[in-house]
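**Q** Questions regarding the structure given below will be posed in turn.
The values are calculated or read from the model by the stated rules, or taken from the named source; none is laboratory data. Bear in mind that the values here come from a model prediction, so they are computed numbers and not experimental data. Note that each Cβ is placed from the backbone with ideal geometry, even for glycine, and that neighbours are counted across all protein chains shown.
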Amino acid sequence: MASHRLLANGVGTDHPVPGLPFADDTHLPAGTTGPAPAPRPTRITEPGRPDLVWIVHAHPHLGRTVLLYEAGPDGAGPWHGHTGEPLVTRTGGYWWDGTNWFRPPQLWDAATGAVEQQAVPAAVTVTAADLLQDPRADASAGQLHQVNALAAPSGASQGGQWLHDMARWAAHRASSPDRPPLNRCVLTLTAPELAGDQLIGTPALAAAAAISPSALRAYISRGQGEVPEPQALVGNRPMWSRPVAENWATHRRRPAADRWPAQRERPALAAGAERVRRNLAPVLYSALWEDPERRARWVLRHRTEDAVRQVAEDLAHLAADRLQETVPAQALAEVLTQAALANLGTGQPRSDGVAQVLGWLTRHHPRLADQAVAAFADHAALQYDIQHDDAVRLLTGAGEDRRGAA
């Protein structure tokens with residue numbers, strides 16, 4: 001669930017979040033709120049307020065969103081863990097692609113290599129034009145806040161006041177003819193699955209996932225378990241749509257095609273592999289937990305794709321380095337020479353096994369591979385009176401680039 005609190009809409013947004021006050025964003029750097037699209041959301045710290053951050057996201061055809069968030073302890077702003085980086089998300093992750101609404105992305109489709117996109121049945125988009133048809137909307141009664149004057153904590157505006165705020169926002173943007181019309185300014189959606197009587201609370205969500213309500217509350221308080229954002233708060237109680245609850249439960253049951261098995265599911269290892277595991281376990285633990293810089297990446301706000309990739313690269317380097325120490329490469333080179341000589345009596349020193357081992361040595365220990373080939377050629381000349389170069393070709397493959405072919 002989100003760790004950054006959303007405080008206000010920027011007055012330059014095209015898709016305001018219902019209920020949030022509007023804040024003056026005209027002081028942001030030139031270009032961040034203009035019509036030019038940005039490939040990714042831009043994060044801008046509020047001048048003089050390191051505790052606040054603006055998120056500006058522009059689209060070449062759909063307009064832009066400008067939102068003010070409470071920054072994290074490191075000053076970082078949020079962005080949803082969403083591969084498509086949608087311009088508009090509402091009600092706990094339901095998102096709009098410019099035409100249709102989709103449920104929060106929860107289920108990974110291993111066949112397509114992407115998150116499943118589930119369209120919301122009978123979804124209806126609510127626009128600014130819809131709301132401003134209310135004759136009570138009065139721009140003169142609307143409020144536009146300066147950032148430093150926002151109440152802390154800033155709560156949602158009352159329905160009547162927000163209607164006036166919307167009218168003032170609409171009047172402000174009227175001077176910018178390049179902005180999308182009000183009937184393309186998306187506020188939110190309505191759908192049968194989001195009706196109040198269709199939402200479920202914590203006990204039902206826990207039951208769907210086959211865990212206890214207390215375990216679910218612990219997940220939420222600790223930011224664990226990838227618990228989906230609630231679709232609504234009713235009396236300060238989180239409520240979820242049934243499809244979101246069912247998708248979360250399915251996500252918990254569905255193993256990723258390439259994930260490492262949980263400890264209780266791991267098959268027994270061969271003796272040599274078990275030794276490698278025992279050697280690597282304390283090294284990886286130390287790398288992840290005892291190194292303060294790397295350990296900090298596991299704080300919730302740092303669980304981004306780039307951070308995980310960096311950690312994975314660290315682990316891969318550690319594993320490869322330890323593998324070099326684990327495999328007895330020198331002894332393997334000597335055995336390779338002896339095996340090739342034994343095969344030479346049959347006229348085929350380059351058996352499949354010898355070729356595979358030589359290829360591995362060539363990739364990982366090229367110097368030892370050269371030594372093994374040279375030792376084989378020397379012994380072949382002494383024992384079988386075979387010319388040195390001919391023996392090398394017999395072992396490496398005539399006409400092949402030994403290192404490339406391996």
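**Q** Counting just the residues of the range 312-359 that are among the small types (Gly, Ala, Ser) and assigned to a loop (DSSP other than H, G, I, E, B), which one comes out modelled with the lowest pLDDT? If you could, list the steps in order and put the result at the bottom.
**A** Step one: of the range 312-359, the residues among the small types (Gly, Ala, Ser) are 312, 316, 319-320, 329, 331, 333, 339-340, 342, 345, 347, 351, 353, 355, 359.
With the extra rule that they be assigned to a loop (DSSP other than H, G, I, E, B), the set shrinks to 345, 347, 351.
On the way: Gly345: 77, Gly347: 73, Ser351: 85.
Out of the qualifying residues, it is Gly347.
Yes or no, residue by residue, for (1) part of a helix (DSSP H, G or I); (2) surrounded by 14 or more Cβ atoms within 10 Å (Cβ to Cβ):
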residue: Asp197; (1), (2): yes, no
residue: Leu216; (1), (2): yes, yes
residue: Ser221; (1), (2): yes, no
residue: Glu226; (1), (2): no, no
residue: Pro230; (1), (2): no, yes
residue: Leu233; (1), (2): no, no
residue: Met239; (1), (2): no, yes
residue: Pro243; (1), (2): yes, yes
residue: His251; (1), (2): yes, yes
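**Q** While we're here: Part of a helix (DSSP H, G or I) and more than 16 Å from Leu394 (Cα to Cα): is that true of Ala381 in this structure?
**A** Details: part of a helix (DSSP H, G or I): yes; more than 16 Å from Leu394 (Cα to Cα): no.
So Ala381 does not fit the description; no.
**Q** Do the conditions hold for Thr33, that is, is it under 18 Å from Arg184 (Cα atoms), surrounded by 19 or more Cβ atoms within 10 Å (Cβ to Cβ) and modelled with pLDDT under 85?
**A** yes
**Q** In the range 49-65, what count of residues is obtained for those that are touching a residue at least 60 places away in the same chain (Cβ under 8 Å) and either outside any strand (DSSP E or B) or outside the structural domain of Trp95 (by TED's automatic domain parsing) (or both)? Talk me through it step by step, then tell me what you get.
**A** First pass over the range 49-65, keeping only residues touching a residue at least 60 places away in the same chain (Cβ under 8 Å): 49, 52, 62-63.
When the remaining residues are screened for being either outside any strand (DSSP E or B) or outside the structural domain of Trp95 (by TED's automatic domain parsing) (or both), the result is 62.
Count: 1.
**Q** Next question. Does Ala355 fit the bill of being assigned by TED's automatic domain parsing to the domain that holds Val392, touching a residue at least 12 places away in the same chain (Cβ under 8 Å) and over 21 Å from Asp385 (Cα atoms)? Break it down into steps so the answer makes sense when it comes.
**A** Values: assigned by TED's automatic domain parsing to the domain that holds Val392: yes; touching a residue at least 12 places away in the same chain (Cβ under 8 Å): yes; over 21 Å from Asp385 (Cα atoms): yes.
So Ala355 passes the test.
**Q** Also, quick follow-up: For Thr125, which of the numbered conditions (1) in a loop (DSSP other than H, G, I, E, B); (2) touching a strand residue (DSSP E or B) at 6+ places or on another chain (Cβ under 8 Å); (3) over 23 Å from Tyr69 (Cβ atoms) fails to hold?
**A** Result: Thr125 passes all but (1).
**Q** Right, something else. With the condition kept exactly as written, say whether any residue in the range 181-189 is β-branched (Val, Ile, Thr), touching a residue at least 60 places away in the same chain (Cβ under 8 Å) and surrounded by fewer than 16 Cβ atoms within 10 Å (Cβ to Cβ). Break it down into steps so the answer makes sense when it comes.
**A** Step one: of the range 181-189, the residues β-branched (Val, Ile, Thr) are 186, 188.
Of the ones still in play, those that are also touching a residue at least 60 places away in the same chain (Cβ under 8 Å) are 186, 188.
Adding the requirement that they be surrounded by fewer than 16 Cβ atoms within 10 Å (Cβ to Cβ) leaves none.
Within the range 181-189, not a single residue is β-branched (Val, Ile, Thr), touching a residue at least 60 places away in the same chain (Cβ under 8 Å) and surrounded by fewer than 16 Cβ atoms within 10 Å (Cβ to Cβ).
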